[in-house]
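To keep things clear, I will list the structure first and then write my remarks on it.
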Amino acid sequence: MRPAAGAPRPPGAANASFLIPERVLAMSANSQKKKFYALNMFDVADLEKYLAYFRRLPEEAPQYGGRMVAFGRFRDNVAGDLAPRQVLFVVEWESEEAFNSFRDDPDLADFHPLRENGTASYIWQTFDGLDMSDPADVSLDDVLAVLKP
């Protein structure tokens, strides 16, 4: 439910500070800290195999510049034509190169098959983006850089 016009926002509520004209000219701290995200959506095919992967991930991903950001279970298909998957997992990477080193390192040859064999209908997509944990630090230029090709 949307708050009434002029109503105070609860603490931590998103704001539209990037729409303030002064912010358009200022480059935010986020401009210097672009993020690279890997979106994983999948169905669980073999719980034991996926758990073997998931147990190692908190040790392996940070060694390559990865940080687990979100992990959740499907709730509802609100809009869109993508077939739902049971699980969503978002990992933030220091860079595309960091992600690629994690994905392609031969030292992890026994690791990735655990994910591949433990899941089905796997979607793995990568995105350039911004850290939106504090929207006040995001300028309109930052937003436009994501929205424009």
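Take the conditions (1) farther than 17 Å from Lys35 by Cβ; (2) touching a residue at least 12 places away in the same chain (Cβ under 8 Å); Asp76 misses just one of them, which is (2). Can you say whether Phe18 is modelled with pLDDT under 95 and of a type in the set (Phe, Trp, Tyr), as far as the supplied structure shows? Spelling it out, Phe18 is indeed modelled with pLDDT under 95 and of a type in the set (Phe, Trp, Tyr). Which of the residues that make up the range 92-149 are of a type in the set (D, E, K, R), in a helix (DSSP H, G or I) and modelled with pLDDT under 95? Matches in the range 92-149: Asp137, Asp141, Asp142. Restricted to the range 101-149, and to residues that are of a type in the set (Lys, Arg) and under 25 Å from Ala61 (Cβ atoms), which residue is surrounded by the most Cβ atoms within 10 Å (Cβ to Cβ)? Among them, the one singled out is Arg115. Within the range 55-80, the residues that satisfy the criterion of being part of a loop (DSSP other than H, G, I, E, B) and surrounded by 13 or more Cβ atoms within 10 Å (Cβ to Cβ) are Tyr64, Gly65. Just one residue in the set Ala5, Ala52, Ala29, Ala83 is at pLDDT below 90 and either more than 19 Å from Met132 (Cβ to Cβ) or buried (at least 16 other Cβ atoms within 10 Å of the Cβ) (or both); that residue is Ala5. Figure legend. Inter-residue proximity from the range 49-67: first residues under 11 Å from Ala98 (Cα atoms), second residues hydroxyl-bearing (Ser, Thr, Tyr) and assigned to a helix (DSSP H, G or I), beta-carbon distance below 7 Å, spacing 6+ or different chains. Indicated pairs: Tyr64/Ser101.
The values are calculated or read from the model by the stated rules, or taken from the named source; none is laboratory data. These figures come from a predicted structure and were not determined experimentally. Note that we place each Cβ from the backbone using ideal geometry, even for glycine, and neighbour counts take in every protein chain shown.
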